[in-house]
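K.L.:
Sharing a structure below in structure tokens format, with a few things to ask.
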């Protein structure tokens, strides 16, 4: 499974027709301690670039954008259950936000691979 990244620091990992989405380690570090996250309802359809979720820290609130289009099929129960620190502890593993049924896999082609994202973050 390949992970792709957006310039807004979301990641997406495809497994068949299901994409798991979260924020990058860099984004979690920039946010600081997460104190709240709002996930979309299962069944919500999103287009690439749409607001997908909201994450709040002691410092700021940030929108999480959909890196690809699809329909929400699952929200992370740990986050929904107010276990928000998992976003800081494991942003690219257990701290994922949602899973989408992908509408158009070709949208992944416009996203950065891990090496390109690492170079992008170095320049920030």
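What follows is calculated from the coordinates using simple rules that are stated; it is not laboratory data. None of these values were measured; they are calculated from a predicted model. Cβ placement follows ideal geometry from the backbone for every residue including glycine, while neighbour counts extend to all protein chains displayed.
K.L.:
Going through segment 8-64 one residue at a time, which ones are farther than 19 Å from residue 85 by Cβ, over 14 Å from the mean Cα position of the chain (by Cα) and not in a loop (DSSP other than H, G, I, E, B)?
P.N.:
Selection gives 15, 45.
K.L.:
Moving on. Report the residue count in segment 65-89 for those that are free of Cβ contacts under 8 Å to residues at least 12 places away in the same chain and in contact with a strand residue (DSSP E or B) (Cβ under 9 Å, 6 or more places away or on another chain).
P.N.:
Count: 2.
K.L.:
Then there's this: For residue 60, state whether it is touching a strand residue (DSSP E or B) at 6+ places or on another chain (Cβ under 8 Å), surrounded by fewer than 22 Cβ atoms within 10 Å (Cβ to Cβ) and either farther than 12 Å from residue 102 by Cα or in contact (Cβ under 8 Å) with a residue 24 or more places away in the chain (or both).
P.N.:
In short, no.
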